[in-house]
Structures are given as C-alpha cells and as structure tokens.
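**Student:** Below is a structure I'd like to ask you about.
The values are calculated or read from the model by the stated rules, or taken from the named source; none is laboratory data. It should be emphasised that the depicted structure is a prediction, and the values quoted were computed from it without experimental measurement. All Cβ positions, even for glycine, are placed from backbone atoms using ideal geometry, and neighbour counts span all protein chains on display. With ligands, DNA and RNA removed, areas are computed over all heavy atoms of the protein, side chains included. Shrake-Rupley method; radii C 1.70, N 1.55, O 1.52, S 1.80 Å.
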Amino acid sequence: MSILTEQYLNLVNRQLPAAAQKGGYPVRFNHCFARIILDNICGCEWYQVIEKPAYKNMTEEQLQQAIALGKTFLVDPQACVEANQTSLRYRNKQA
C-alpha cells in the first residue's frame, strides 16, 4: 500500500471521524467522509470515475487531491458542510 493511500485512509477512517466527534461536521462516519471527498474530487458520483474499492483504484493525482481536501476539512469544518451539499446535489438528494 502506498504512503498516499495510507494517508488517505488515515484521514477518512481516523482523523475526520475523530474531529467530527467535537461537532461542526455534517457527517460522522468514515464512509460518509469518503463519499464527500471522492464526489468532490471527481465532480460527480465517484464510482462513475473510480472503480470500487476507491482506495485501491485511485490515481496518485486523485489521492493527492483527496488528501488535500480531507486536510482542509480538518481545519475548516464549514468546507466539509459545503462539500457535503455539493455531493448530495450530485446524487440528486436534498442538500
């Protein structure tokens, strides 16, 4: 597993859910953070662009974008709120 993949998984599975426990985030589960990040870097429902499982099939560039966006969410929960609304619009769900 690449270092980038490990960084991405650490953000999604550990850091972001831990940060969400303090409040201010629209979601709290790892798969929800992954959806938000992946949809936003793909500009659509992520699985239209990346084969499942995403963490095994993302390009280096996609991993870098995902890590950067996840780090943004750590310092700015409002960015996660906005990105979640975007993700929900991609999925034709109420934002």
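**Student:** Quick one: what pairs do we get from the stretch 8-26, first residue in contact (Cβ under 8 Å) with a residue 12 or more places away in the chain, second among the polar types (S, T, N, Q) and not in a loop (DSSP other than H, G, I, E, B), C-beta under 7 Å, 6+ apart or different chains?
**Tutor:** Filtered contacts from the stretch 8-26: Val12/Asn30; Asn13/Asn30; Pro17/Asn30; Pro26/Asn84.
**Student:** I need every pair where a residue in the stretch 68-95 that is open to solvent by 60 Å² or more (accessible area, probe 1.4 Å) has its Cβ under 9 Å from the Cβ of a residue that is of a type in the set (Lys, Arg) and modelled with pLDDT of 95 or more, sequence separation at least 6 or different chains.
**Tutor:** Correct list of pairs: Ala95/Arg89.
**Student:** Residues being closer than 15 Å to Gln15 by Cβ and among the aliphatic types (A, V, I, L, M): count how many of those fall in the stretch 53-95.
**Tutor:** Of the residues in that region, 7 qualify.
**Student:** State whether the residues of the stretch 43-62 include one that is at pLDDT below 95 and open to solvent by 30 Å² or more (accessible area, probe 1.4 Å).
**Tutor:** First, the residues of the stretch 43-62 that are at pLDDT below 95: none.
No, the stretch 43-62 contains no residue that is at pLDDT below 95 and open to solvent by 30 Å² or more (accessible area, probe 1.4 Å).
**Student:** Can you name the number of the only condition in (1) in contact with a Phe, Trp or Tyr (Cβ under 9 Å, 6 or more places away or on another chain); (2) modelled with pLDDT of 95 or more that Thr72 fails?
**Tutor:** With respect to (1) in contact with a Phe, Trp or Tyr (Cβ under 9 Å, 6 or more places away or on another chain); (2) modelled with pLDDT of 95 or more, Thr72 is out only on (1).
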